[in-house]
There are 2 protein chains.
Amino acid sequence: MEENVPIEKKVLSENDKLAAAIREMLAERKILALNLVSSPGSGKTSLLERTLKTLGDRLNMVLIAGDVQTENDAQRLMRAGGRMVRPIVTGGACHLDAKMVTRVLDDLDLTGTDVLFIENVGNLVCPSSYDLGEDMKVVLISTTEGDDKPLKYPAMFRRSSVFVINKIDLLGQSDFELAQVKENARQINGNLTTFEVSCRTGEGLQAWYQWLEDQVALKKGIRPTGL
Amino acid sequence: MEENVPIEKKVLSENDKLAAAIREMLAERKILALNLVSSPGSGKTSLLERTLKTLGDRLNMVLIAGDVQTENDAQRLMRAGGRMVRPIVTGGACHLDAKMVTRVLDDLDLTGTDVLFIENVGNLVCPSSYDLGEDMKVVLISTTEGDDKPLKYPAMFRRSSVFVINKIDLLGQSDFELAQVKENARQINGNLTTFEVSCRTGEGLQAWYQWLEDQVALKKGIRPTGL
């Protein structure tokens, strides 16, 4: 809304300062930070559950799970073996902001942490405007949502570095075309690292795990074997 | 955000005034207005396509299709036979507001119109706060999104009158439980009129068409046959 622009700019610039402080703190500690964004129900929590179960013994992961209401996602992540899981209930707000993340991080002992996952509120619009100090945004869509989503929500795809296409086990059950969604995403952002996965069957996840371990190694300044 | 509250209240109160004017204008003309809200890809456009094809000869429908970017949905609705279709491209805004709708309605000849459908931006959070002058909000979710959605996005379910569960042809392909999603929705709002449909196969849509025709008749002050 036009009336909102000045205050919105002020809020975003305050957010950016806090995000920069988070980024600096994480860089000093060599912690990789990923901000997961998607529509409701695309599979952010499922991807993290799988990642915890598979890499939980090899990577020390901290997880922040944001939701408008309920701590359901945080509880799912704890059940999946997450040792450091913190919920943020926004109580109506449509996105996480750097202030909310700062408050949580201030209370955590991050010694030995390899990766910080921030699971944002399920919303393909608003979270794109809020830097949380992450290294990268990871945008998910599921094959049941329609292959036009990158064109309809371009800001999110422009500001993401990684694109996870989930629920590939349901391909063929709708008119979603894998080639089309990748072409649409490429039109918006030619630099996306793309994964095609099913968090239900596990298909395609090996490449995601390998990529994640490589990114952790890069952050620590170790040359990863896979690259 | 706390800093945002006073301006947000002002914006919402201005929005409410415009929405009240829309509601009054539509009441005078006895036009039923439905505001369709959901996540991206739940099937708002598909439901409207089906409705146009089935009831296009019997009901005079005006459709406003809101999107952050692209006029894809409006084009789909025109291809489905919509004679009065207007896009609203919000250019970043995460919801439609009453001012945008007023601008579109001011340019339309509504003579003979039975129903105004407003397809909101795909977002389960922000559109819940903006009254557009509608008679009812219709919230959709698809069976691939997870049955916990009413609990996680309670404002939208509290402010809706109708709940459409779409993609029932995909039941059994995930751990989505129909009984569970209905119980979760009932906990938030005991007065929801619920439809279980597949906009792909057409299953369950007959009840939606009948309900819609009955609502149009009620709005015109005619006692519908089906009630």
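So if I check each of B:135, B:147, which one is surrounded by fewer than 23 Cβ atoms within 10 Å (Cβ to Cβ), closer than 24 Å to residue A:126 by Cα, at pLDDT 95 or above and of a type in the set (D, E, K, R)? Going through B:135, B:147 in turn, just one is surrounded by fewer than 23 Cβ atoms within 10 Å (Cβ to Cβ), closer than 24 Å to residue A:126 by Cα, at pLDDT 95 or above and of a type in the set (D, E, K, R): B:147.
Checked against the criterion of being of a type in the set (Asp, Glu) and out of contact with any Leu (no Cβ under 8 Å at 6 or more places or on another chain), the candidates A:135, A:107 yield just one match: A:107. In the set A:76, A:103, A:58, only one residue is over 16 Å from the mean Cα position of the chain (by Cα), part of a loop (DSSP other than H, G, I, E, B) and modelled with pLDDT of 95 or more; that residue is A:58. The residue that is surrounded by the fewest Cβ atoms within 10 Å (Cβ to Cβ), counting only those in segment B:17-38 that are of a type outside the set (A, V, I, L, M) and out of contact with any Asp or Glu (no Cβ under 6 Å at 6 or more places or on another chain), is B:28. Restricting segment B:172-227 to residues that are hydroxyl-bearing (Ser, Thr, Tyr) and without any contact (Cβ under 8 Å) to a residue 40 or more places away in the chain, which is nearest to residue B:43 (Cα to Cα)? Per the criteria, the residue is B:198.
State whether one or more residues within segment B:177-198 are charged (D, E, K, R), under 18 Å from the mean Cα position of the chain (by Cα) and more than 24 Å from residue A:70 (Cα to Cα).
Yes: segment B:177-198 contains one or more residues that are charged (D, E, K, R), under 18 Å from the mean Cα position of the chain (by Cα) and more than 24 Å from residue A:70 (Cα to Cα).
Each residue in segment B:15-70 was checked for being within 12 Å of another protein chain (Cβ to nearest Cβ) and free of Cβ contacts under 8 Å to residues at least 60 places away in the same chain, and 6 pass. No other residue among A:65, A:74 is crowded, with 20+ Cβ neighbours inside 10 Å and either touching a helix residue (DSSP H, G or I) at 6+ places or on another chain (Cβ under 6 Å) or closer than 26 Å to residue A:9 by Cβ (or both) apart from A:65.
Can you pull out every residue in segment B:11-43 that is over 17 Å from residue B:213 (Cα atoms) and in a loop (DSSP other than H, G, I, E, B)? Selection gives B:38, B:39, B:40, B:41, B:42, B:43. Candidates B:112, B:92: the one that is part of a loop (DSSP other than H, G, I, E, B) and either modelled with pLDDT of 95 or more or crowded, with 24+ Cβ neighbours inside 10 Å (or both) is B:112. When residues in segment B:168-209 are screened for being part of a strand (DSSP E or B) and either under 15 Å from residue A:173 (Cα atoms) or among the hydrophobic types (A, V, I, L, M, F, W, C) (or both), 1 of them pass. Residues that are farther than 20 Å from residue B:125 by Cβ and among the acidic types (Asp, Glu) within segment B:93-107 comprise B:106, B:107, listed in sequence order.
Just to be sure before I move on: is residue A:124 under 27 Å from residue A:213 (Cα atoms), at the interface with another protein chain (Cβ under 7 Å from one of its Cβ atoms) and part of a loop (DSSP other than H, G, I, E, B) in the structure I sent? So residue A:124 fits the description; yes. Being touching a residue at least 12 places away in the same chain (Cβ under 8 Å), surrounded by fewer than 19 Cβ atoms within 10 Å (Cβ to Cβ), within 26 Å of residue B:205 (Cα to Cα) and not charged (D, E, K, R), is that true of even one residue in segment B:158-171? Checked against the condition, which is being touching a residue at least 12 places away in the same chain (Cβ under 8 Å), surrounded by fewer than 19 Cβ atoms within 10 Å (Cβ to Cβ), within 26 Å of residue B:205 (Cα to Cα) and not charged (D, E, K, R), segment B:158-171 yields at least one hit.
The values are calculated or read from the model by the stated rules, or taken from the named source; none is laboratory data. Just so it is clear, the structure is predicted and the values come from calculations on it, not from any experiment. Every residue, glycine among them, receives a Cβ derived from its backbone with ideal geometry; neighbour counts consider all protein chains shown.
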